Amino acid sequence: MERVREIFSSDKNNRIILFVALLLGFLILGLPLTVTYITDETGTMANAAFLAGMNWSAFIDHTGGYYYKYGQAIFWYPIFALVKDSFLIYKLIMAEHAVFLSLEGVCVYQILRKHLKVESRIQCLLISVITAITPAAVLYSLFARADVALAAFSVYVLYFLMETWNSRGDKKRQAVFTFLAVLCTVYISMCHSRGIVWVIAVTMVVLVMHFFTREKMVNYWVYGGSLIALMGIDRILTRFFKSNIWGDNVRHATAESFDFEKLGGIFTADGIKTMLKLGMGWIFNFMTSSMGLAVAGIFASLVIILLFVRRKMDIKPEEAILCGYGFLIFAGSMALGMLFFFPHVFQNYYGGSASRVDRLVYDRYLAGSIGVAVLMGIYFFVYRKDIFQKVSRIVLAAAALFILFFFKKYISIYLDHKEFSIRNSIASNLFVDNGFAGNDASKYDNMSGGLFYGGLFAAVVLILFLSAAYLAWREWALLGMCAVFALNLGVNYKKMRLECDINVKAKVQDLQDYAPQIREVSEEYRYIYVDKSAKRLKPLQLIFKEFQVYVRSHIPEESAGNYFIISMPDNFNEKIDRTDCYRLADFDYENAEYYVIYVKGEALREELENMGHKLLKIEAD
């Protein structure tokens, strides 16, 4: 162990080693992924595609008008502008996400060493790895949507807040870090509507710290000015993207999507019961996916906030900042998510609905706060034994078992044989049998049992961790938790991301291979009709990114009868006139297992023949 300590004796070298090691690990996870297979991803990518000159509005409109803001386009635009291959675009986006997640680990290391004054560099490295590889945060970040911004940038914001506090005697330095904290905070809001939680949380932390310490945590001129300016820019850009891509058809992740009339049901007896069950279901998943550390962190934050406010013990300002920020982003994310899902979940519990019961134990909306919660759980139960002694650890263990009991008695009975998307409990599926490789949404026979055993495993791991930390076996406790996190991440990555990607990729591989052959067709013919026989719609817009893709029985009327058709072999809409439909001679229809492509329209046929393609007429029935 002494030899190991000698190798890791430099903070600068440790930060480099940590970044490189995490980056390599995240690249190993991200680079095999290739396709968009959920609607959220296409809606998020549409902004970058638009900046690169592509119009995905038809696909967005016909798949529900899902809108999740635009912040990722800042980083994704160069990829869309420079890269032609759709699978490579997705891989490069995953590579960017790997960088963001790796920087998160470096920020945690700095917070621990510089601001929380943890002496052991080895322990700081282990805690940084555990926080960075928190399975829920990583697995949700392996989609092309906003989760990585909420997960990684949450930690960046915390780091910059710590730096602003530490720079109180240096006005220039404090102004710089104030601006960086605001920039990262507003960027989270630019990436997702839920980001408003971070804006409110950071502002509350700044004001509360000033009130209780009588010291200015930030430069208020920089804070107020940059916040107003950046939120104004956000408002302008939101209108820009909405009007150019979504138009009037914005139905999701906006104020318009809230059913305020149904929200009134919260104040009924059944409504209160629904909110209680919903909250406990989400906390159960929050606990399971983090091996209890996230719940330990929220528990610790409440205790520390109370002690800081009442000035009962020596609570460092940095600890108060950590707990205030960590608790507020968790509580805000949970409250906003519960309000959003209440009408649906009320029907699951009291309306007999069997639709999307995964919402009862949903944890994706909490994933942005889980890294900070895990950090709090480790730090306070490892290093503040003067506060969290034996009794508090017993109370926490009892709370974990109560959460498990509540799930088993009041929630699990609603989960079996009903529609469940297990990608929304993505890091809690260690013991879930999903039937076959890549099956991430179905009516599962024993969903309740799989989740329960996952929760039981998490509770046992938490109790062992609390005991080892109390006995001062710090490094063994941290090594053990690191191993369990890696195991959970690896198993659920294979089950929930890699196998799902392989499954979907197989259905669209032939189209991906052929797409370059028609990429240069004239703009007036860049329309694709996806027949209802092709069930997997989500990957097709990225594969044919230069085209307008029409789905769900919507035929591109503006194409004057000239467009491409994607369907299962010889199986497209009988209402389509086949007298001017053609096969492409160089497409391998004979060996196609899944989707194929046809040509409709004489003008498009002529265009393709001029490009050198040979077409074969399909005989009309």
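The values are calculated or read from the model by the stated rules, or taken from the named source; none is laboratory data. No experiment lies behind these values; they were computed from the predicted model shown. Cβ sites come from the backbone with ideal geometry, for glycine too, and all protein chains shown count toward neighbours. Surface accessibility is based on the protein's heavy atoms, side chains included, excluding ligands, DNA and RNA. Shrake-Rupley method; radii C 1.70, N 1.55, O 1.52, S 1.80 Å.
What residue, among those in the stretch 439-461 that are under 16 Å from ARG497 (Cβ atoms) and out of contact with any Ser or Thr (no Cβ under 6 Å at 6 or more places or on another chain), is surrounded by the most Cβ atoms within 10 Å (Cβ to Cβ)?
Applying the filter and picking the extreme gives ASP440.
Across the stretch 458-515, what is the total count of residues that are outside any helix (DSSP H, G or I), more than 15 Å from GLN123 (Cα to Cα) and small (Gly, Ala, Ser)?
Of the residues in that region, 0 qualify.
Which one is farthest from the chain's Cα centre (by Cα), of the residues in the stretch 425-438 that are open to solvent by less than 60 Å² (accessible area, probe 1.4 Å) and farther than 13 Å from ARG497 by Cβ?
Looking at the filtered set, the residue picked out is VAL432.
Exactly one of these conditions fails for MET313: (1) modelled with pLDDT of 95 or more; (2) touching a helix residue (DSSP H, G or I) at 6+ places or on another chain (Cβ under 6 Å); (3) closer than 30 Å to THR213 by Cα. Give me its number.
Here MET313 clears every test but (1).
On the given criteria, is ASN591 under 26 Å from ILE502 (Cα atoms), without any contact (Cβ under 8 Å) to a residue 24 or more places away in the chain, among the polar types (S, T, N, Q) and open to solvent by 80 Å² or more (accessible area, probe 1.4 Å)?
yes
Would you mind stating whether LEU616 is surrounded by fewer than 18 Cβ atoms within 10 Å (Cβ to Cβ) and outside any helix (DSSP H, G or I)?
yes
Starting from residues that are touching a Leu at 6+ places or on another chain (Cβ under 6 Å) and outside any helix (DSSP H, G or I), keep the ones in the stretch 306-327 and report whichever is farthest from TYR156 (Cα to Cα).
The extreme case among them is MET313.
Answer yes or no as to whether ALA472 is open to solvent by 10 Å² or more (accessible area, probe 1.4 Å), modelled with pLDDT under 95 and farther than 26 Å from TYR362 by Cα.
Yes.
Residue-by-condition table, conditions (1) touching an Asp or Glu at 6+ places or on another chain (Cβ under 9 Å); (2) under 30 Å from ARG552 (Cα atoms):
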| residue | (1), (2) |
| --- | --- |
| LEU466 | no, no |
| ALA469 | no, no |
| GLY490 | no, no |
| LYS494 | no, no |
| ASN503 | yes, yes |
| ASP510 | yes, yes |
| TYR529 | no, yes |
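For the stretch 365-398, give me each residue that is open to solvent by 10 Å² or more (accessible area, probe 1.4 Å) and in a helix (DSSP H, G or I).
Residues satisfying the conditions are TYR365, TYR383, LYS390, VAL391, SER392, ARG393, ILE394, VAL395, ALA397, ALA398.
Within the stretch 594-621, can you find the residues that are under 13 Å from ASN562 (Cα atoms), out of contact with any Leu (no Cβ under 9 Å at 6 or more places or on another chain) and without any contact (Cβ under 8 Å) to a residue 40 or more places away in the chain?
Passing the criteria: only GLU606.
Where in the stretch 210-292 are the helices (runs of 4 or more DSSP H), entirely inside, with at least 1 residues that are modelled with pLDDT of 95 or more, surrounded by 14 or more Cβ atoms within 10 Å (Cβ to Cβ) and of a type outside the set (Lys, Arg)?
220-241, 269-289
Take the residues of the stretch 320-345 that are out of contact with any helix residue (DSSP H, G or I) (no Cβ under 7 Å at 6 or more places or on another chain) and of a type in the set (A, V, I, L, M): which is nearest to LEU116 (Cα to Cα)?
Taking the candidates together, the pick is ALA331.
Looking only at the stretch 550-560, how many residues end up being open to solvent by less than 30 Å² (accessible area, probe 1.4 Å) and not in a strand (DSSP E or B)?
Selection size over the stretch 550-560: 3.
Which condition does VAL303 not pass, out of (1) closer than 25 Å to ARG359 by Cβ; (2) part of a helix (DSSP H, G or I), if it passes all the others?
Tallying (1) closer than 25 Å to ARG359 by Cβ; (2) part of a helix (DSSP H, G or I), VAL303 fails exactly one: (1).
Which one is modelled with the lowest pLDDT, of the residues in the stretch 571-599 that are within 11 Å of ASP531 (Cβ to Cβ) and not β-branched (Val, Ile, Thr)?
It comes out as GLU574.
Hey, does the stretch 380-387 have a residue that's under 18 Å from the mean Cα position of the chain (by Cα) and within 27 Å of ALA300 (Cα to Cα)?
No, the stretch 380-387 contains no residue that is under 18 Å from the mean Cα position of the chain (by Cα) and within 27 Å of ALA300 (Cα to Cα).
Say whether the condition of being assigned to a helix (DSSP H, G or I), touching a Ser or Thr at 6+ places or on another chain (Cβ under 8 Å) and open to solvent by less than 40 Å² (accessible area, probe 1.4 Å) is met by at least one residue in the stretch 399-409.
No, because not a single residue in the stretch 399-409 is assigned to a helix (DSSP H, G or I), touching a Ser or Thr at 6+ places or on another chain (Cβ under 8 Å) and open to solvent by less than 40 Å² (accessible area, probe 1.4 Å).
Looking at the stretch 329-361, which of its residues are open to solvent by 10 Å² or more (accessible area, probe 1.4 Å) and of a type in the set (Ser, Thr, Tyr)?
Passing the criteria: TYR349, TYR350, SER353, SER355.
When both residues are 6+ apart or on different chains and their Cβ atoms are under 7 Å apart, which pairs have a first residue that lies in the stretch 352-363 and is more than 12 Å from GLY337 (Cβ to Cβ) and in a loop (DSSP other than H, G, I, E, B), and a second that is charged (D, E, K, R) and modelled with pLDDT under 95?
Here the result reads ALA354/LYS418; ALA354/GLU419; SER355/GLU419; ARG356/GLU419, each pair linking the stretch 352-363 to a residue that is charged (D, E, K, R) and modelled with pLDDT under 95.
Give the stretch 119-153 a look and list any residue that's over 30 Å from TYR362 (Cβ atoms) and open to solvent by less than 10 Å² (accessible area, probe 1.4 Å), or say none.
Residue satisfying the conditions is CYS124 alone.
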